[in-house]
Structure formats: structure tokens, C-alpha cells
Amino acid sequence: MIKTIAFILLRLIATLLAVTFLTFAMVALLPGDPVDTILGTATRDPAVEAQIREELNLDDPFLVRYGNWLGDAVTGDLGRSYITSQPVADTISQRLPVTFQLAFMSIFMSVLVAIPIGVMGAYKQSKWQDTASSAAVQVALSIPNFIFGIFLIWLFAVQLGWLPASNWNRFSDGVVDNMRTALLPALALALAQMAVFSRLIRSDMISTLQENYILSARAKGMSDRYILFRHALRPSSLSLMTIVGISFGALLGGTVVIETLFAIPGLGFSLINAINGRDILLIQGITVFIAVMFVVINTIVDLLYAVLDPRIRRK
Amino acid sequence: MAANETDIERLIDVHDATATIAGSVLVEPVSSFTVPQGVKAKRKTPWGIFREMPALVKASVLWLLFILFSSIYAQLDIRVFNGALPLGDPNLQLNGFNPETGEFGTNVRLEGSSWQHPLGTDALARDTLSRAIHGSYVSVTVAVVSVMCGVIIGGLLGSIAGYVRGKTETGLMAMLDVVLAFPALVLLLALISIFEVRSLFVISLVIGVLSIPAYTRVSRANSLAISNREFVVAAQAIGTKRWTILRREIIPNVLPTLLAYAMVAAAAVVVVEGTLSFLGLSVQLPQSTWGNMINQARGDIRINFSQVLYPALILTLTVLALNQVGDFFQRRSSFRGSSL
């Protein structure tokens with residue numbers, strides 16, 4: 001057990017080092033001089049330029065700069081944007097709750113819908129209910145989320161006028177207002193996940209329903225509904241937890257398009273703005289932050305799995 | 001002697017459950033019953049595979065061929081025939097100033113469907129059908145480049161890793177795990193942001209390189225399974241060289257599964273390119289792509305939804321078709337694998 005956990009943690013550290021190094025290298029080896037970005041390419045004072053070089057340690061060797069940058073990053077200092085001179089960490093901490101809320105809502109919705117669909121697909125295997133839901137899942141998997149998002153805007157904002165087409169109300173501005181702006185984007189993100197989750201639950205349940213303990217529960221005369229949701233669903237919760245964890249990590253980056261579409265001030269939207277404005281440090285900061293979150297969440301899922309499932313522990 | 005032949009025929013039928021009995025048998029008449037050398041699974045012609053597909057998969061294949069043909073047609077139009085083929089100029093703004101006649105065009109922007117413009121015109125009064133056909137070229141190129149990178153480089157690396165094992169495998173997979181540790185879209189955006197000029201070449205190359213790790217994983221898993229099979233052990237036992245085994249035993253068996261995966265992966269790549277162009281981070285304007293058509297038209301959904309609908313429908317149908325065909329080949333190859 002302890003050996004497994006130690007191994008997972010060791011792998012986490014190695015991956016984090018590699019991921020941060022790759023992000024840093026990507027930006028540091030970029031053609032072009034950061035000083036040009038800060039001062040502009042017009043005539044400039046050599047003294048000021050030297051001072052900036054000194055401040056940013058631009059003349060140090062590459063590995064030293066990586067070490068310094070990593071040391072700062074661990075303490076929460078990702079540098080200041082060359083363009084707005086706002087600390088990158090501040091931007092991230094302002095934007096993160098929005099993305100977090102979207103990710104959480106869409107996961108919640110997709111699990112809520114996926115469980116009944118998946119359970120029904122397994123229960124009515126090869127009957128018309130299963131065929132229909134499988135076909136719907138196939139289609140749902142093939143619709144890109146930004147297209148579904150536009151369709152939702154067209155339907156609920158333009159045609160029906162029930163919900164706003166874009167914009168964002170903060171949670172502190174009132175829960176109802178916040179929900180009105182968060183519902184459509186979360187729904188747009190939920191579609192593909194719902195498809196993935198229900199597929200997983202269905203295939204998991206089909207194998208569970210063939211187990212002997214299901215047969216004995218049936219022989220005891222328990223109702224089908226009780227067996228399905230109390231007995232058969234439980235073993236699937238482990239794999240469901242895994243995929244929910246992975247999806248949550250992936251969503252932190254995956255919200256990029258939806259946030260842009262709905263003009264939501266989350267992490268993804270500021271990443272796109274940073275790319276369009278060529279705000280190098282902000283791109284670097286957000287990329288490394290999302291990647292680290294992704295790796296850490298995946299590791300937590302691994303750890304939970306090791307703790308909860310004795311079969312993994314023994315390996 | 002006749003009995004021998006029917007024996008072999010039966011053998012073939014058992015061996016290849018999908019074989020049609022009516023087809024001619026690939027066995028030469030044997031004079032004495034030795035090792036039946038000609039006995040091998042009958043190779044299906046593309047037409048034969050097409051015929052065994054369910055109707056929906058058939059329709060998907062036809063749709064994909066149509067998209068492929070459109071992209072070739074658009075390129076022929078530009079590069080060979082100089083716009084002489086019957087297809088409107090995708091960038092001609094029909095209400096713009098025409099220097100030849102000295103007049104402004106009369107077409108209204110966001111026009112509905114008509115005989116001249118089957119899918120209508122967009123906000124700049126450009127022919128949507130023509131733009132969609134020219135846009136297919138970008139999607140097809142990105143998908144083809146990514147599949148080629150994945151199958152050739154990823155397939156080779158994965159086959160080697162799964163067969164050779166040891167430090168080669170550990171090192172290789174550790175490197176790929178770092179790439180896979182990033183959320184794919186974020187890494188792609190970060191890489192794309194480095195390039196000032198986003199040509200089709202750059203876009204397809206970046207997406208292609210980023211697709212390699214996933215292909216490597218798939219082919220490694222298959223190569224691992226195949227390396228333990230009796231025919232590989234037999235080849236090793238008679239002293240066949242490693243590279244020869246890799247070339248003649250491992251790779252031909254990894255390839256069918258990998259190609260089935262490639263279809264599904266290509267679907268994902270088409271979505272990724274659509275996303276990039278939707279964000280305005282793919283190839284430069286005025287080159288039309290399905291994604292940037294959707295992006296340009298979405299501001300006008302209150303006036304005319306159809307301009308969003310057509311490119312969105314084309315993109316979604318293409319992704320759906322790729323998934324359907326990929327699933328079909330995946331089922332087929334797993335069925336064959338289990339019956340071997």
C-alpha cells in the first residue's frame with residue numbers, strides 16, 4: 001500500500017518537473033526578445049534595457065533561469081505580464097472560480113443524465129431503448145461542443161428568449177442571475193461528457209448484471225429497480241469516479257472554446273486573449289497552471305483508486 | 001485428392017469466418033497432403049469490405065469520399081484550372097466593387113438559398129457552398145497529415161516499444177507520457193501561439209506531431225499482445241532477425257487495429273481544427289474553413305441561422321461519419337483478432 005502510494009507520488013513529482021520544464025522551454029526558446037515587448041522596438045535607453053535584463057535575469061544560463069522561475073512559481077509568483085504588468089498569478093486566481101464553477105456544473109449535469117441512460121441501456125440491452133440511446137450517444141459524441149453551444153444560444157436565447165446569449169454574472173451578484181448565465185455554457189460542455197459517461201456505465205453494468213450476486217438478489221424477489229440502482233450500480237462507481245476525475249481535469253482546459261463563445265471571463269477566455277495579444281508570460285502561466293492541475297487531479301484519482309480498490313493495491 | 005481439396009476448403013472456412021463460400025479458393029491443387037502452403041485468409045477487396053458494411057456505415061463512407069472529392073476539386077480549381085471549373089470563387093464578395101464593370105454588386109448579404117447560391121451567401125455576400133467546398137481542403141489536409149504522422153511515426157515507435165521492451169520502451173513511453181500529461185487543447189494552443197505565421201503547413205504539422213503519442217500507445221498495446229503469439233515465438237525460434245520479425249510479423253498485425261483507430265483519431269483532429277479556426281487561431285483568412293465560417297456567421301444568428309447551420313452540419317456529419325467507419329473497422333479487426 002505505502003509502496004504504491006510512494007510510487008504514485010514519485011511519478012507525480014517527475015511528471016510535474018517535466019511538464020513545467022517543457023512549458024518553460026517552449027516560451028524561453030521563443031524567437032524574439034522580451035525586452036522588445038516591454039519597451040517597444042523604437043529607440044530606447046540602454047540603461048533601462050540593462051535594468052530590465054537584470055530584473056528578469058535574462059542573461060543567466062537557461063537552466064538557472066528555469067530553476068529561478070520554478071522556485072518563484074512554487075511560491076505562487078508566475079511573474080508579471082509584459083503587457084498589462086499585472087501579476088499573472090492574480091489573473092489566474094480571479095479567473096479560476098469561474099472555470100471551476102462551469103466544470104463542476106457540467107460534470108454534475110452529465111452524471112445526472114448519464115446514470116439513468118446508462119442503466120437503462122444495460123437493463124434493456126439490445127432492445128429498442130438501448131438501440132435508441134446508443135444512437136443518441138453516438139451522435140452526441142460527434143457534435144463539437146462549440147457547435148452545440150451555438151445551437152443552444154440560437155434556441156434558448158434567440159428563439160425562446162429565456163436565457164442570455166452571453167455574458168457572465170458572478171456568483172456573488174446573486175445565485176439566480178449567476179445560474180442564468182452559467183446554464184447554457186455548462187450544458188454545452190456536458191453533452192459529450194454525458195455520452196462518454198453513459199457509455200461507460202452501460203458497458204460496466206452489462207458485465208455486472210451477469211454476476212451471481214445479481215442472480216441471487218433476483219431469486220430473493222427484489223425489485224428490478226432496487227437491484228439496478230442499489231446492487232448493480234455500486235461496482236461501477238469506481239470507474240465512474242475515475243472518468244469524472246479525468247474529465248474534470250480535462251475541462252479546466254476544455255472550457256476554452258465555450259468560454260470564448262459565451263464571453264465568460266474564465267481561465268480559457270484569458271488564455272485566448274493572451275494568445276491574441278501575444279502576452280507571453282500570461283500564456284505560459286495559464287498553460288503551466290492548467291497542466292499542473294490536470295496532472296495533480298489525475299494523480300489524486302490514481303491515489304483514491306489505490307486506496308479504494310484492493311486489487312490495485314496488491315499489484 | 002479431391003477429398004484433400006475439400007478438406008482445405010473447410011479449413012479456410014473455419015479459418016476465415018467471413019469468407020464467402022461462393023468465391024474461388026486460393027489453393028493450388030496439392031499432389032500430396034503436405035503443409036498446405038496456400039492456406040491463408042482470403043484478402044478482401046475494398047469492394048468486398050464495402051458490401052459487408054451496414055447501411056449507415058456505407059452512407060458514411062460515401063459522405064467521406066464526397067468530402068475528399070470536394071477538397072481535391074477545390075484545389076484543382078485553384079491550382080490547375082485557375083477558377084475555370086464550375087464553382088464560384090469562395091472569396092468573391094458579390095456586393096463588392098467590380099473593377100471590370102465599374103459597378104457595385106447587387107447581391108444582398110446573408111441571402112437565402114437560390115439556384116445560383118444553393119447554400120446562400122454569408123455576411124460579406126460570398127457564396128457559402130463554394131466556401132464550404134474550399135474549406136473541406138483544410139480539414140482533409142489536417143486529418144490526412146495527422147493520420148500519416150500517427151500511423152507512420154507513432155505506429156513504428158509503438159511497434160518497436162512493444163516488441164523490444166526494456167529500456168527503449170521505458171524511455172520512449174516516459175517521454176510520451178509528458179506530452180500526454182498536458183490537456184491536449186491547451187498544449188496545442190500554447191504551441192500554436194509560438195508561430196506568428198499560421199500556414200496550413202504549420203497547423204497540420206503541429207497537430208500531426210501532437211497526435212503521435214496516442215497512436216504510439218495504441219500500437220504498443222497491440223504489439224505487446226502480438227509479441228507473445230506463437231508465430232512470433234516460432235520466428236524467433238528459427239533465428240529470424242529482430243528487424244525482420246518486426247517488419248514481417250509485428251507491424252502487419254498492428255496495422256489493421258491502428259488504421260481503425262486512425263479513423264476515430266481523425267474525427268478528433270477534424271474537431272480540433274474546427275475549434276482552432278473557430279477561435280481564429282487556425283489558417284489565415286481569407287482561406288475559408290468550416291470553423292471560421294461558423295465563427296463569422298454566428299454574429300448574425302438573429303438574422304439568418306442557416307449560415308451557421310450549413311458549415312456546422314457539414315462538420316458534424318464528417319465527424320460522425322469518421323466515427324462510424326472507425327467503429328466499424330474496430331469491430332471488424334477485433335473480431336478477426338479473436339478468431340485467429
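Are there any pairs with C-beta distances below 7 angstrom linking a residue in the range B:231-249 that is modelled with pLDDT of 85 or more to a residue that is polar (S, T, N, Q), with the two at least 6 apart or on different chains, and if so which?
What qualifies is B:I245/B:Q236; B:L246/B:S159.
Check B:L285, B:L281 and return the single one that is under 30 Å from B:E196 (Cα atoms), of a type in the set (A, V, I, L, M, F, W, C) and surrounded by fewer than 19 Cβ atoms within 10 Å (Cβ to Cβ).
Answer to the selection: B:L285.
Does the range B:296-330 hold any residues that are closer than 21 Å to A:I272 by Cβ, modelled with pLDDT under 90 and more than 8 Å from every other protein chain (Cβ to nearest Cβ), and which are they?
Within the range B:296-330, B:Q296, B:A297, B:G299 qualify.
Has the range A:273-282 got any residue that is assigned to a helix (DSSP H, G or I), within 19 Å of the chain's Cα centre (by Cα), within 14 Å of chain B (Cβ to nearest Cβ) and surrounded by fewer than 19 Cβ atoms within 10 Å (Cβ to Cβ)?
yes
Residues being modelled with pLDDT of 90 or more and more than 8 Å from chain A (Cβ to nearest Cβ): count how many of those fall in the range B:277-288.
Adding up the residues that qualify gives 1.
Given the criterion touching a residue at least 24 places away in the same chain (Cβ under 8 Å) and under 16 Å from B:S146 (Cβ atoms), identify the matching residue among B:G326, B:G299.
B:G326
With respect to A:W154, is the statement that it is within 30 Å of A:T99 (Cα to Cα), at pLDDT 80 or above, over 22 Å from the mean Cα position of the chain (by Cα) and buried (at least 18 other Cβ atoms within 10 Å of the Cβ) true?
yes
State which residue pairs qualify: first residue in contact (Cβ under 8 Å) with a residue 40 or more places away in the chain and farther than 12 Å from A:L281 by Cβ and inside the range A:84-103, second residue assigned to a loop (DSSP other than H, G, I, E, B) and aromatic (F, W, Y) in any location, beta carbons under 7 Å apart, and separation of 6 or more residues or different chains.
That search, which allows pairs on different chains as well, returns A:V98/A:W168.
For residues in the range A:125-162 being of a type in the set (F, W, Y) and without any contact (Cβ under 8 Å) to a residue 60 or more places away in the chain, which is nearest to the other protein chains (Cβ to nearest Cβ)?
Among them, the one singled out is A:W154.
Report the residue count in the range A:202-236 for those that are modelled with pLDDT under 85 and either outside any helix (DSSP H, G or I) or in contact with a Cys (Cβ under 9 Å, 6 or more places away or on another chain) (or both).
Residues that pass the stated criteria total 9.
Please specify each residue of the range B:152-178 satisfying the condition of being surrounded by 22 or more Cβ atoms within 10 Å (Cβ to Cβ) and over 16 Å from B:A225 (Cα atoms).
Listed by number, the list holds a single entry, B:G154.
Sort out which residues of the range B:174-221 are at the interface with chain A (Cβ under 8 Å from one of its Cβ atoms) and of a type in the set (S, T, Y), and write them in order of number.
Answer for the range B:174-221, where residues must be at the interface with chain A (Cβ under 8 Å from one of its Cβ atoms) and of a type in the set (S, T, Y): just B:S193.
Out of the range A:237-270, which residues are assigned to a helix (DSSP H, G or I), in contact (Cβ under 8 Å) with a residue 60 or more places away in the chain, over 12 Å from the mean Cα position of the chain (by Cα) and away from chain B (no Cβ under 11 Å)?
A:L238, A:L240, A:M241, A:T242, A:S270
Just to be sure, is A:V176 surrounded by fewer than 17 Cβ atoms within 10 Å (Cβ to Cβ), within 14 Å of chain B (Cβ to nearest Cβ), under 23 Å from A:L261 (Cα atoms) and of a type in the set (V, I, T)?
No, not satisfied.
The values are calculated or read from the model by the stated rules, or taken from the named source; none is laboratory data. Predicted model only: the values in this text are computed from it and were never measured. Methodologically, a virtual Cβ is constructed for each residue, glycine included, from the backbone with ideal geometry; neighbour enumeration extends over all protein chains shown.
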